[in-house]
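Below is one structure, written out as structure tokens; the observations come after it.
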């Protein structure tokens, strides 16, 4: 995965959005953090992994991947806000269930919010990558989906989203 390119693309998108929305120079960390948590919740909702009370199947993989990539956008953006960049060290398989991994990612997000260090960023980043692996996404699929969603995000800004 060419994470350097994705960080660069995210940096350009963030600047475009900030200029377009008139928030250049504002500290948007809290907003982006909440947005990440919302996206993570939307992703969990599409997987339905925690819905033990329901027999309805999970959403199609394309829908789940689209939600996953929304989270990637905010993870990259949060890192850029604090000067943290990560290149995934490993794609170690997790022994967690999907529900356990979602909870782990939420925990790593909270740790990063309370202590936005490079170390905590890497933990959050890698736990999210592990979640993607657990959901069945390889690097190529994530990369392509990110590129596609990045284009959509520009279009949305141009259309007054």
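The values are calculated or read from the model by the stated rules, or taken from the named source; none is laboratory data. What you see is a predicted model; the values in this text were computed from it and never measured. Cβ coordinates were reconstructed from backbone atoms using ideal geometry, including for glycine residues, and neighbour counts include every protein chain displayed.
A few remarks follow.
- Test result for residue 128, assigned to a helix (DSSP H, G or I), modelled with pLDDT of 95 or more, over 11 Å from the mean Cα position of the chain (by Cα) and buried (at least 19 other Cβ atoms within 10 Å of the Cβ): no
- Unmet criterion (only one of (1) surrounded by fewer than 17 Cβ atoms within 10 Å (Cβ to Cβ); (2) in contact (Cβ under 8 Å) with a residue 24 or more places away in the chain; (3) more than 26 Å from residue 153 (Cβ to Cβ)) for residue 81: (3)
- For region 49-83, filtering for residues that are more than 30 Å from residue 116 (Cα to Cα) and not in a helix (DSSP H, G or I) leaves 10.
- Residues in region 22-44 that are touching a helix residue (DSSP H, G or I) at 6+ places or on another chain (Cβ under 8 Å) and part of a helix (DSSP H, G or I): 29, 32, 33, 35, 36, 37, 39, 40, 42, 43, 44.
- Within region 49-65, residues that are free of Cβ contacts under 8 Å to residues at least 60 places away in the same chain and on the phi < 0 side of the Ramachandran plot reach partners that are loosely packed, with under 13 Cβ neighbours inside 10 Å and in a loop (DSSP other than H, G, I, E, B) with beta carbons closer than 9 Å, at six or more positions or on different chains, in the pairs 49/97.
- Residues being modelled with pLDDT of 95 or more, closer than 24 Å to residue 27 by Cα and under 14 Å from the mean Cα position of the chain (by Cα) - total across region 48-106: 14
- Number of residues in region 22-33 that are closer than 23 Å to residue 159 by Cβ and either under 19 Å from the mean Cα position of the chain (by Cα) or surrounded by fewer than 12 Cβ atoms within 10 Å (Cβ to Cβ) (or both): the value is 6.
- Only listed residue being closer than 19 Å to residue 48 by Cβ and surrounded by fewer than 18 Cβ atoms within 10 Å (Cβ to Cβ), chosen from 100, 139: 100
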